[in-house]
Each structure stands twice: as structure tokens, then as C-alpha cells.
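K.L.:
Have a look at this one before I ask anything.
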Amino acid sequence: MDRRDAMLRRFVRENFGVRGTLGLHRAAFGLDLLRAPVNVVLAPVFLLVKLFGLIARLCRARRLGDWLLSRRIVFQTAVSRKVAEKVTTLIGQMDAAGVGPGAPEAMAARAVDDYVGVRNAVSEITTVLFVLVTGWALFHSATLGVLSLAGPVADMRAQALAIENYWAGQWLGQVYFGWFPRALDPWQVVATGVVLAMLASLVTTFAGLIADPVQLWLGMHRRRLMRLLGRLDRQAESASGLSREHAVARLGDLSDVALALWRALRP
């Protein structure tokens, strides 16, 4: 176990430190820039499929539940593929050194895929925190996602353009639109939301540059890999189809939708 722990510590230090995560994210320059916006759109579908899978299990439709929980809804990015390859290589090296779990290849592949999915969810949580800090800094309000941020950003941009193009000059424009704010068209909010969603997807793609070193310093990467190895030691399948990290990431989306609906429906 001491030898396994030493290999594990060396692995997370080499791959999730500042230099290691920079090396991982070089693979993001390419098709990942196109996959990221699509994955943002598919994220709610991912949540629904996982929830239906868990409900099916609770209703004793285990075959249907297992099938739903095993579906890969989002596209695998090049960075995720690279992380999966490195973790798979680590497990193989441990097996060769006599300290590995010795689990069947298919089971190890599923466990690694779950691990990579959790790492991606942490990147999404990092993006939610970034949006929250941005909204608080600019508008002094809680913005849990793009929906909450789109309205204030669109309004700020519309006001700035109206003041800049005011016929009597910008100074009088500031006075006038300070008293009579410009009406905001719905299409402006929608267009702003689309642009912000694309920017948020790019932030998520490279969020690991910050999240990986922080998780390394907090010991989270090591503990997560220890759980993965413990699961393979027992040769047990995942007990749940929705990890805590996935739940937290999707909770931000759901809270953002609920907050946007409340703001839209209140008198």
C-alpha cells in the first residue's frame, strides 16, 4: 500500500500540478473548442437521463436503469481522453508492479470514465463560481449561471450604446438615460445569453488550469483516485449514477433557471 500511495502521489503531482495541467490542456486547442458549446447544451439532457436511470433502479427496472446510467450523453473532449489514457496507464503500471487492483479491463474502463466525468463536473463548478463572482462584482447580485447574467449584461450594453449615440452628446445622454432607462428588447437578452453561453463553455474548457492545481493542493485528486482504486479492488460497479460533483454542477443550472423564472413572473 505504501508503494501504491507513492505512485499515486507522483502521478497527481506530475499531471495535475501547474506544469502538468498546462500539458493536458494543450489538447484543448482544436475540436474541443467546438465540442465545448455543444456539451453545455447537452448538460441538462445528461442530468435528466441520469435521474431517469436512478428512478428506474428505484422502481426495480434495473436493466433499464443500468442502460440509462451507462449512456454517454456529452461528447468526450481531447483533454478528457488524455486524462483517461493517463489514469488507465497508471492502473496498468500498478498491476505490473503487483500493487494494482487487477480488475477486468471493461470494469476499469468504466471506472476511469466515471472519474473523468467527475473531473469535468468540477470544471463546470469552477465556471459557476467564476460567473457568480463576475455577477457580484459588476451588478452586486447573485448570478448562478448565464441566464441570470444575460439580462444585466444586455441592459448594461444597451445603455452604453444609447448613451454613446445620443443626439445631444454623451454627457446629456448619461443624464437622460439615467432618468429614463432604455427599454430592452427580448432578442437582445437572447443574443447576449447565447454569446455568454459560448464564453462560459470556453471557460469550462480551460477551467482545469485553475481547478487542477487547487485540487492537487487540497488532496482531492489523490482521494478521488484512491476511491477509484478501492472500487476496483472490490471489483464493484458504481453504486450511484450521479456523483456529488455532477449534482452540484447541475444544481447551479437548476437554481439559475428557477431564479430567472421567479424574476420574470414576479409583479
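The values are calculated or read from the model by the stated rules, or taken from the named source; none is laboratory data. This structure is a prediction, so every number in the text was calculated from the model and none was measured. In this analysis, Cβ positions are derived from the backbone assuming ideal geometry, glycine residues included, and neighbour counts consider all displayed protein chains.
K.L.:
Of the numbered conditions (1) more than 30 Å from ARG71 (Cβ to Cβ); (2) crowded, with 17+ Cβ neighbours inside 10 Å, SER148 satisfies every one except a single condition; which is it?
P.N.:
(1)
Conditions tested, residue by residue: (1) under 15 Å from LEU225 (Cβ atoms); (2) in contact with a Gly (Cβ under 6 Å, 6 or more places away or on another chain); (3) among the aliphatic types (A, V, I, L, M).
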{"position": "LEU69", "(1), (2), (3)": "no, yes, yes"}
{"position": "GLN76", "(1), (2), (3)": "no, no, no"}
{"position": "SER80", "(1), (2), (3)": "no, no, no"}
{"position": "THR89", "(1), (2), (3)": "yes, no, no"}
{"position": "MET94", "(1), (2), (3)": "yes, yes, yes"}
{"position": "GLY102", "(1), (2), (3)": "no, no, no"}
{"position": "ALA108", "(1), (2), (3)": "yes, no, yes"}
{"position": "ASP113", "(1), (2), (3)": "yes, no, no"}
{"position": "VAL118", "(1), (2), (3)": "yes, no, yes"}
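K.L.:
Of all residues being free of Cβ contacts under 8 Å to residues at least 12 places away in the same chain and of a type in the set (Val, Ile, Thr) in region 54-104, which is farthest from ARG222 (Cα to Cα)? Just the residue, please.
P.N.:
Applying the filter and picking the extreme gives ILE55.
K.L.:
Any residue at all in region 46-56 that is within 21 Å of LEU202 (Cβ to Cβ) and surrounded by 19 or more Cβ atoms within 10 Å (Cβ to Cβ)?
P.N.:
yes
K.L.:
Exactly one of (1) part of a helix (DSSP H, G or I); (2) buried (at least 16 other Cβ atoms within 10 Å of the Cβ); (3) at pLDDT below 85; (4) of a type in the set (A, V, I, L, M) is unmet by LEU228. Its number?
P.N.:
If we test LEU228 against (1) part of a helix (DSSP H, G or I); (2) buried (at least 16 other Cβ atoms within 10 Å of the Cβ); (3) at pLDDT below 85; (4) of a type in the set (A, V, I, L, M), just (3) comes out false.
K.L.:
Any chance region 213-221 includes a residue that's within 30 Å of ARG157 (Cβ to Cβ) and either modelled with pLDDT of 90 or more or surrounded by 14 or more Cβ atoms within 10 Å (Cβ to Cβ) (or both)?
P.N.:
No, region 213-221 contains no residue that is within 30 Å of ARG157 (Cβ to Cβ) and either modelled with pLDDT of 90 or more or surrounded by 14 or more Cβ atoms within 10 Å (Cβ to Cβ) (or both).
K.L.:
Would you kindly identify the helices (runs of 4 or more DSSP H) lying entirely within region 81-195 that contain at least 2 residues that are at pLDDT below 75 and not basic (Lys, Arg)?
P.N.:
Output list reads 146-164, 170-179.
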